[in-house]
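Asker: I'd like to ask some things about the structure below.
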Amino acid sequence: MTGIIFTKVDNGYSGALDYNELFFYAKGIPGVGPVWYSTDVPLYDKQAMADLIKEQQLKRIVVAGDTPGMVKPFLTGAMVIAGNNPEDVVLASFREYGATDNTKIDRAKGILFCIALGVTFAEAALPEETDVQPDTLVIGGGIAGIQASLEIANGNQKVYLVERTGTLGGHMAMFDKTFPTLDCAACILTPKMVEVGQHPNIEILTYSEVKGVTGEPGNYKVKILNKARRVDLATCIGCGICTEKCPAKAPSEFDNGTTLRKAIYIPFPQAVPNKYLIDADSCTYVLKGKCGVCVKVCPVEGCIDLDAKDQEMEITVGNIIVATGFKPFDAGKIERFGYGKYPQVITSLELERLINAAGPTEGNIHFRSQDKKGNWIFSVESGMPKSFAIIHCVGSRDENYNKYCSRVCCMYSLKLAHLIKEKLEDADVFEYYIDMRAFGKGYEEFYERIENEGIHIVRGRTAKIEERNGRLMVRSEDILNDQLIEQEVDMVVLSIGLEPREDAAELAEMLGISTEEEGWFTEANYNTDPVNTFVGGITIAGVCQGPKDIPDAVAQGSAAAARVLQSIVKGKIKKSIKDMPLEKIEEKAKQFSNSMEGKS
Amino acid sequence: MKEMSQYGMGTWNACFHCGNCTAVCSLTEEGILFPRKEIRALQMGLEDKLATSVEPWLCYYCGDCTETCPRDANPGELMMSVRRWLTAKYDWTGLAGLFYKSLSALIIAFVLVAIGIVAMGFVKDFNSEAVMYFGHILEFYLILTVFTIILIPNILRMFYFTVIKAKVNAPFGSYIAAIGNLITHMFTQVKTLKCDKQTVRWLEHFLLVMGYLGLLVITVFLDWFGTENQIIIYMGYITGGLVFVFTFLLMISRLSKARELNKYSQPTDWFFIIWLFLMGFTAFLVRLFIDIDLLNDHFWIYMVHLIVVSQWGMLLVPFGKWTHFLYRSFAVSFANLKKAALIKKLATAA
């Protein structure tokens, strides 16, 4: 007989699985005897547990819950004492198969049913196959989307790559160097961007957004909004006269607001497509109805159309790869750090641009200062700081903001410390961390190397930043040295974490995929199916699935492409797991179970 | 850990030692680091380390650490709980610990005191003059006894724990300076002003302390209920009024939980504040009844007052939250000794 033990975890959020319902469902599964909550059995007393197993004549025990693995060792011990096979303690992990909240209670039941009958859920819940359209849509033109597009296009399949901004590249294009190899980020990325731009199988739709998805796995109709670029991509020769003459300015998105750009602009010199566009929010003509300087100076007749309107198009695709990336944490939310109040408190992303040779200060670190019109920008005219504090975990690992670790900040902070030293040899650099998370290949070695470069690495979270003697005072506890540090520095760098995009939930709803509590997209199986979702034909790649660094995002891009190519080559695609009704899963599980008994 | 949770609301195991609480605190300085180190000591079960630390008394619970704690580990409440635990630790009778941990023991003690007072009234036939005379003498001796038998030995124990056992080796001169700031802090609590945005709270607390001390002097040493002196009578009204108005305000803020420090109230906190209120209020009424000549018909009001005062003096003052008045002030002095010792040590090292 099989016994079921529920390990109920009260994770405190509403909408969690209804364990009472599962408990009663479990009692009705064929072959199941006693059903308990873990608090009802002597879990931690192996002898007592073994006695209970014997008394109930249990041959198998199913441990069910969000993270049931934690109690398994106690039960295997008890099974051995009771004279059974310890391998007959099996786990029904709801979380692993994506039954994370009560809307997915049927899936949780299905998981329970399959495991109780000794069938794996993935086997029984295998959906049927259907025909697939050969074209693929990739949403997001960052490194993950670029990688996925290239993999598929190089497999001779058609790809539509939709990007919201005016250029491909995403966040990686903004970075100066990568860690731990200190390669130039642009030197790796821009060739890939150019390859995408010239690839005959890739149709790039920049300055565009996905507005609606209908249809079913293998045959999706996608509505795409092409925002008015106001510059004709086909005829623009990229001469730049328009930008030179344009009178309106706005903060540069690409340079993270560290400098200003014109209203007609090219996001950055290596942009793909390497063509200009007009930002309607700052263009004098669009705002006030008169100007038109760019039209007058443009050497190509009819290239600039200031009255162009947004357009919509519809495409048919079989697969969709979601690679929408992240949003940097808004450092202004933490008042104690004074971002927005003290000009010399800057974010890590701003520093990336300062350090970059193509950035606003030609690769030198200067103070933030006001221009003639009062805008706070960085320019080569202001002085250079001599001391820096880099503060880790800004907005991450904090119950008040984001609980999770953003995973990349430790490493990029070390990288930034190194780059500061490279630019300003005599500068003092202090890093304040909670725990140093050097988790990848070569990362720990990188940490050691940076530590030996004369950077002061302090264990202790900075609590507040105040102005003192015209400098910034950073107050932290130096835990390893049992000291309180009030360090005065010239510039403070906040290592901001990663957050899901604000419209991630909207997109998830459009596609029918699910998101987690924090807002990242949910994968089909955390361990064994990290790029698929529960919706057939929709895969996820890159940071939109959870914080990760460049190598991991690239790997996921390739993995998602493999899934897509698999379906195209086969000509068939699996329908959505989420559409499998519980009865069908039960039926299949019984079939499998019977056939297995037949064999043995 | 288990024991400490009987003294307050704790989620201290959540702490991952980032040091935010220590650094965000306006009162920490070189050599005086809290609350993270106390959490560490608690997590590791270093009872001696906690018992010999003077730091918990230096915290005035502004709530900054708890508000900004990235783990919701509530360090501010930990400091409050450690203060309760230390109060029990310093108390040689063990009653303080018993009353903190067991609400029923505290209630039984309150009932016993009340019965004693009523019995005394019964013996004296509820004759107003005799009872009031007795009450006056009782207050007088109560103060004397509590000080000599309970509080002074407990302060010495505190000195033993935090200075001698903690091996603080301070130069002789610093002891004399320490006495000076003992007096200032006992009556002004000026250190609270170093905390951010605590001025209003400090003023409330200061006026309450002044009211309380004034009322004590006026009723016990100037015989408010017996005097004919108009100035003393008015002073009594003012101080009595101060006490019950400000305790009333404190009760409201504890109920509304607007401030971080008011979010978790122990039963003993409520006893302290309600009894303080009742003391001020009943004293006010007794004198009012004397002035409008109603006391002989409503003598019960004096009986209530005497019960409240006795419960206060016999239970809450020696074994409860009242002791923070002494421990906090002495802690400032002992902390200064510690600092002086640190400076001396650094000087010899150099």
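The values are calculated or read from the model by the stated rules, or taken from the named source; none is laboratory data. Bear in mind the structure is a predicted one, so any value in this text is a computation, not a measurement. Quick reminder, even Gly has a Cβ in these numbers, built from the backbone with ideal geometry, and neighbours come from all protein chains shown.
Asker: Pick from A:Ile241, A:Ile266: which is aliphatic (A, V, I, L, M) and crowded, with 17+ Cβ neighbours inside 10 Å?
Answerer: Selected residue: A:Ile266, the only one of A:Ile241, A:Ile266 that is aliphatic (A, V, I, L, M) and crowded, with 17+ Cβ neighbours inside 10 Å.
Asker: Give me a count of the residues in region B:295-314 that are surrounded by fewer than 18 Cβ atoms within 10 Å (Cβ to Cβ) and farther than 16 Å from B:Met120 by Cα.
Answerer: Residues meeting the conditions: 3.
Asker: Tally time: how many residues in region A:460-471 are among the basic types (Lys, Arg) and either under 30 Å from A:Arg107 (Cα atoms) or more than 11 Å from every other protein chain (Cβ to nearest Cβ) (or both)?
Answerer: 2
Asker: Modelled with pLDDT of 95 or more and either buried (at least 16 other Cβ atoms within 10 Å of the Cβ) or not assigned by TED's automatic domain parsing to the domain that holds A:Asn156 (or both): is that true of A:Gln556 in this structure?
Answerer: Yes; evaluated as a whole, the condition is true for this residue.
Asker: Can you give me the number of residues within region B:8-41 that are within 23 Å of the chain's Cα centre (by Cα), facing chain A (nearest Cβ under 10 Å) and not in a loop (DSSP other than H, G, I, E, B)?
Answerer: So the answer is 1.
Asker: Can you go through A:Phe378, A:Phe326 and tell me which one is within 30 Å of B:Glu67 (Cβ to Cβ), out of contact with any Phe, Trp or Tyr (no Cβ under 7 Å at 6 or more places or on another chain) and surrounded by 22 or more Cβ atoms within 10 Å (Cβ to Cβ)?
Answerer: That would be A:Phe326, the only listed residue that is within 30 Å of B:Glu67 (Cβ to Cβ), out of contact with any Phe, Trp or Tyr (no Cβ under 7 Å at 6 or more places or on another chain) and surrounded by 22 or more Cβ atoms within 10 Å (Cβ to Cβ).
Asker: If A:Tyr433 satisfies all but one of (1) out of contact with any Phe, Trp or Tyr (no Cβ under 9 Å at 6 or more places or on another chain); (2) more than 14 Å from every other protein chain (Cβ to nearest Cβ); (3) crowded, with 21+ Cβ neighbours inside 10 Å, what's the number of the condition it fails?
Answerer: If we test A:Tyr433 against (1) out of contact with any Phe, Trp or Tyr (no Cβ under 9 Å at 6 or more places or on another chain); (2) more than 14 Å from every other protein chain (Cβ to nearest Cβ); (3) crowded, with 21+ Cβ neighbours inside 10 Å, just (2) comes out false.
Asker: Further, regarding this structure: Any residue in region A:82-99 that is buried (at least 16 other Cβ atoms within 10 Å of the Cβ) and among the hydroxyl-bearing types (Ser, Thr, Tyr)?
Answerer: Yes; the residues of region A:82-99 include at least one that is buried (at least 16 other Cβ atoms within 10 Å of the Cβ) and among the hydroxyl-bearing types (Ser, Thr, Tyr).
Asker: Separate question: Just the residues that are part of a helix (DSSP H, G or I), acidic (Asp, Glu) and surrounded by fewer than 20 Cβ atoms within 10 Å (Cβ to Cβ), please, taken from region B:48-81.
Answerer: Of everything in region B:48-81, those that are part of a helix (DSSP H, G or I), acidic (Asp, Glu) and surrounded by fewer than 20 Cβ atoms within 10 Å (Cβ to Cβ) turn out to be B:Asp48, B:Glu67.
Asker: Still on this structure, I have one more. Of the residues A:Asp549, A:Asp503, which single one is within 20 Å of the chain's Cα centre (by Cα) and crowded, with 17+ Cβ neighbours inside 10 Å?
Answerer: A:Asp549
Asker: Let me ask another. Here is a list of conditions, (1) closer than 15 Å to B:Met314 by Cα; (2) part of a helix (DSSP H, G or I), and B:Arg84 meets all of them except one; can you say which number that is?
Answerer: (1)
Asker: Out of the residues in region B:44-95 that are within 14 Å of another protein chain (Cβ to nearest Cβ) and among the polar types (S, T, N, Q), which is nearest to B:Thr162 (Cα to Cα)?
Answerer: Looking at the filtered set, the residue picked out is B:Ser53.
Asker: While we're looking at this one, here's another question. Any chance region A:224-233 includes a residue that's in contact with a Pro (Cβ under 7 Å, 6 or more places away or on another chain) and modelled with pLDDT under 95?
Answerer: For region A:224-233, residues in contact with a Pro (Cβ under 7 Å, 6 or more places away or on another chain) and modelled with pLDDT under 95: present.
Asker: Quick one: would you say A:Ile377 is more than 14 Å from chain B (Cβ to nearest Cβ), of a type outside the set (Lys, Arg), closer than 22 Å to A:Met172 by Cβ and not in a loop (DSSP other than H, G, I, E, B)?
Answerer: no
Asker: Does region A:445-464 contain at least one residue that is free of Cβ contacts under 8 Å to residues at least 24 places away in the same chain, closer than 15 Å to A:His392 by Cβ and of a type outside the set (Ser, Thr, Tyr)?
Answerer: Scanning region A:445-464, I find at least one residue that is free of Cβ contacts under 8 Å to residues at least 24 places away in the same chain, closer than 15 Å to A:His392 by Cβ and of a type outside the set (Ser, Thr, Tyr), so the answer is yes.
Matching residues to (1) within 23 Å of A:Arg501 (Cβ to Cβ); (2) part of a helix (DSSP H, G or I); (3) of a type outside the set (A, V, I, L, M, F, W, C):
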| site | (1), (2), (3) |
| --- | --- |
| A:Glu517 | yes, no, yes |
| A:Val543 | yes, yes, no |
| A:Ser558 | yes, yes, yes |
| A:Ala561 | yes, yes, no |
| A:Val564 | yes, yes, no |
| A:Ile573 | no, no, no |
| A:Gln591 | no, yes, yes |
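Asker: Kindly provide the set of residues from region B:243-270 that are among the aliphatic types (A, V, I, L, M) and out of contact with any Phe, Trp or Tyr (no Cβ under 8 Å at 6 or more places or on another chain), ordered by number.
Answerer: Listed by number, the residues that qualify are B:Val245, B:Leu249, B:Leu250, B:Ile252, B:Leu255, B:Ala258.
Asker: Being basic (Lys, Arg) and under 34 Å from the mean Cα position of the chain (by Cα) is the filter here, so list the residues in region A:360-390 that pass it.
Answerer: Result: A:Arg368, single match.
Asker: Okay, moving on. Please find, within region A:472-509, the residue that is farthest from the other protein chains (Cβ to nearest Cβ) out of those that are in a strand (DSSP E or B) and without any contact (Cβ under 8 Å) to a residue 24 or more places away in the chain.
Answerer: Restricting to residues being in a strand (DSSP E or B) and without any contact (Cβ under 8 Å) to a residue 24 or more places away in the chain, the top hit is A:Met473.
Asker: Among the listed residues A:Gly512, A:Gly536, A:Gly519, identify the single one that is without any contact (Cβ under 8 Å) to a residue 60 or more places away in the chain, closer than 24 Å to A:Asp101 by Cα and outside the structural domain of A:Phe121 (by TED's automatic domain parsing).
Answerer: From the options A:Gly512, A:Gly536, A:Gly519, the qualifying one is A:Gly519.
Asker: To continue, here is another question. Considering only residues that are assigned to a helix (DSSP H, G or I) and touching a residue at least 60 places away in the same chain (Cβ under 8 Å), look in region A:304-343 and name the one that is farthest from the other protein chains (Cβ to nearest Cβ).
Answerer: Ranking the candidates gives A:Ala331 first.
Asker: Could I ask something else about it? Could you say which residue among A:Val63, A:Val138, A:Val71 is part of a helix (DSSP H, G or I) and of a type in the set (A, V, I, L, M, F, W, C)?
Answerer: Step by step, each of A:Val63, A:Val138, A:Val71 is checked, and only A:Val71 is part of a helix (DSSP H, G or I) and of a type in the set (A, V, I, L, M, F, W, C).
Asker: For region A:437-451, check the following and say yes or no: at least one residue is within 14 Å of chain B (Cβ to nearest Cβ), more than 23 Å from A:Phe254 (Cα to Cα) and surrounded by fewer than 23 Cβ atoms within 10 Å (Cβ to Cβ).
Answerer: Within region A:437-451, one or more residues are within 14 Å of chain B (Cβ to nearest Cβ), more than 23 Å from A:Phe254 (Cα to Cα) and surrounded by fewer than 23 Cβ atoms within 10 Å (Cβ to Cβ).
Asker: Of (1) in contact (Cβ under 8 Å) with a residue 40 or more places away in the chain; (2) surrounded by 23 or more Cβ atoms within 10 Å (Cβ to Cβ); (3) closer than 26 Å to B:Lys167 by Cβ, B:Thr28 satisfies all except one. Which?
Answerer: (1)
Asker: May I ask you to list the residues in region B:224-254 that are among the aromatic types (Phe, Trp, Tyr), over 18 Å from the mean Cα position of the chain (by Cα) and in a helix (DSSP H, G or I)?
Answerer: Residues satisfying the conditions are B:Tyr234, B:Tyr237.
Asker: Sort through A:Arg407, A:Arg368 and tell me the only one that's surrounded by fewer than 21 Cβ atoms within 10 Å (Cβ to Cβ), closer than 27 Å to B:Arg71 by Cα and away from chain B (no Cβ under 14 Å).
Answerer: The match here is A:Arg407.
Asker: Next up: Cβ-Cβ below 7 Å, separation at least six or inter-chain, first residue in region A:392-404 and more than 9 Å from every other protein chain (Cβ to nearest Cβ) and farther than 16 Å from A:Gly546 by Cα, second crowded, with 17+ Cβ neighbours inside 10 Å and β-branched (Val, Ile, Thr): which pairs?
Answerer: A:His392/A:Ile434; A:Val394/A:Ile334; A:Val394/A:Ile496
Asker: Let me spell it out: the conditions are (1) under 30 Å from B:Leu342 (Cβ atoms); (2) hydrophobic (A, V, I, L, M, F, W, C); (3) in contact with a Leu (Cβ under 6 Å, 6 or more places away or on another chain), and A:Ala463 meets all of them except one. Which number is the exception?
Answerer: The single condition A:Ala463 does not satisfy is (3).
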